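Novice: A single structure is presented below for examination.
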Amino acid sequence: MVTTLTVRELDSDAAERWDRFVEGCPNATFFHKAGWKPVIEASFGHRAIFLYAQRAGEIAGVLPLVHMHSRVFGRALVSSAFCVEGGPAAADAEAAAALTARACELADELDVDYVEFRGVARAAPAWACKDDLYAVFRRPLDPDPDRALAAIPRKQRAVVRQSLQAGLTATVEDDPADFFRAYSHNLRSLGTPAFPRRYFRALKERFGDACEILAVRRDGRVVAGLTTFHFRGTVLPYYGGGTDEARDTGAYNFMYWDVMRRACLSGHRVFDFGRSKRGTGAFAYKKNWGFEPQPLYHEYLVRRGAVPEKHALNPKFRPLIALWKRLPLAVANGLGPLIVRNFG
């Protein structure tokens with residue numbers, strides 16, 4: 001007897017089954033969770049097309065897609081936009097192939113310029129691929145905080161210890177307001193538009209305890225903030241930033257160690273330091289902590305034009321970056337959401 005495999009689009013009735021599958025699928029990530037669909041649609045105004053393959057009433061694979069539409073960058077289907085990873089997460093090759101085939105059909109139906117999959121493993125080997133722009137940083141986490149601290153290279157361990165004497169405190173909060181002040185200040189100083197404040201509210205409301213918002217203070221002043229995700233024993237510090245005072249006080253070192261220390265105590269097994277562009281300060285900083293970079297693959301089915309170059313290292317963006325650094329923070333935060341929704 002042959003069991004038919006069908007591909008459907010996620011609706012509210014299937015969301016719980018979708019997340020149960022994601023929790024149990026080895027190659028699924030936090031970025032495959034169903035909650036990203038309403039978050040992205042409400043925060044950025046793009047249609048999220050979340051596909052799932054079903055066999056005999058059971059989900060056999062999922063593929064989150066975001067239909068990006070921009071006057072500047074054209075149209076695309078991205079898995080998954082505004083996230084580090086995506087692509088098909090499936091129980092078997094047949095389900096993965098069916099999801100990829102449906103994504104290609106949607107590309108024709110929506111007449112997009114390209115389809116993009118992101119992940120730490122190749123999902124579409126026949127597609128064009130970029131693996132030299134971004135890397136991810138992950139390693140096992142010792143359950144003993146003392147041993148976890150000792151695993152940090154000596155020089156970085158010393159500055160972490162120094163930050164613990166700087167009079168800093170860290171608190172986990174439900175309201176992202178204080179985090180956002182530090183985060184948006186940092187991005188403006190880097191010449192990068194910040195995500196809208198409503199996005200962080202939506203993340204917290206949708207993912208609850210799996211989305212942790214941290215504020216670091218000195219003498220009552222917010223100097224740094226971090227939004228961290230938790231998924232299947234992995235802690236993922238994801239969005240972070242600080243004020244001008246953060247570097248002088250060692251707030252970044254204090255903040256990331258605080259997350260790592262508490263992750264050890266709560267039974268997390270892996271520390272995921274996220275994605276960074278090669279050749280940047282963030283890339284070097286994560287290596288200083290003893291993390292080795294792993295390739296992050298961006299795979300493209302290009303239907304029209306060329307593989308996109310939507311990143312800060314593109315020389316075309318240098319004038320905009322220089323201008324953005326000079327904007328008043330309130331102006332940057334007002335204009336940022338209008339721009340950042342085009343990048344994904």
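Novice: Quick test of your reading of the structure: Val223 fulfils all but one of (1) in a helix (DSSP H, G or I); (2) more than 26 Å from Val22 (Cα to Cα); (3) touching a strand residue (DSSP E or B) at 6+ places or on another chain (Cβ under 7 Å). Name the failing condition by number.
Specialist: Failed condition: (1).
Novice: Which residue, of Phe30, Phe21, is surrounded by 15 or more Cβ atoms within 10 Å (Cβ to Cβ), of a type in the set (A, V, I, L, M, F, W, C), closer than 30 Å to Pro337 by Cβ and touching a strand residue (DSSP E or B) at 6+ places or on another chain (Cβ under 6 Å)?
Specialist: Details: Phe21 fails: closer than 30 Å to Pro337 by Cβ.
None of the others qualify; the one that does is Phe30.
Novice: If you don't mind, another one. Which condition number does Pro176 fail, the rest of (1) surrounded by 19 or more Cβ atoms within 10 Å (Cβ to Cβ); (2) outside the structural domain of Lys204 (by TED's automatic domain parsing) being met?
Specialist: So Pro176 meets the others, but not (2).
Novice: Still on this structure, I have one more. Residues Phe231, Phe179, Phe254: which one is closer than 27 Å to Leu335 by Cβ and modelled with pLDDT of 95 or more?
Specialist: Phe179
Novice: Check region 42-57 and report whether any residue there is in contact with a Phe, Trp or Tyr (Cβ under 7 Å, 6 or more places away or on another chain) and within 19 Å of Glu94 (Cβ to Cβ).
Specialist: yes
Novice: Continuing with the same structure: Name the pairs: first residue in region 38-58 and within 14 Å of Ala14 (Cα to Cα), second residue of a type in the set (Gly, Ala, Ser), Cβ to Cβ under 6 Å, at least 6 apart or on different chains?
Specialist: Final answer for the pair search is Ala53/Ala60; Ala53/Gly61; Ala53/Ala95; Ala53/Ala98.
Novice: Looking at the structure I just gave you, is Leu164 within 30 Å of Val302 (Cβ to Cβ) and either of a type in the set (Asp, Glu) or touching a residue at least 40 places away in the same chain (Cβ under 8 Å) (or both)?
Specialist: no
Novice: Going through region 63-94 one residue at a time, which ones are surrounded by fewer than 24 Cβ atoms within 10 Å (Cβ to Cβ), among the hydrophobic types (A, V, I, L, M, F, W, C) and over 15 Å from Tyr300 (Cβ atoms)?
Specialist: Val72, Phe82, Cys83, Val84, Ala91, Ala93
Novice: Being of a type in the set (Gly, Ala, Ser) and touching a residue at least 12 places away in the same chain (Cβ under 8 Å) is the filter here, so list the residues in region 126-161 that pass it.
Specialist: Once the filter is applied, which keeps residues that are of a type in the set (Gly, Ala, Ser) and touching a residue at least 12 places away in the same chain (Cβ under 8 Å), region 126-161 yields Ala128, Ala135, Ala148, Ala151.
Novice: A further question follows. So Asp144 passes all but one of these: (1) surrounded by 17 or more Cβ atoms within 10 Å (Cβ to Cβ); (2) outside the structural domain of Arg304 (by TED's automatic domain parsing). Which condition number does it fail?
Specialist: Condition (1) is where Asp144 drops out.
The values are calculated or read from the model by the stated rules, or taken from the named source; none is laboratory data. These figures come from a predicted structure and were not determined experimentally. We place every Cβ from the backbone using ideal geometry, glycine too, and count neighbours over all the protein chains shown.
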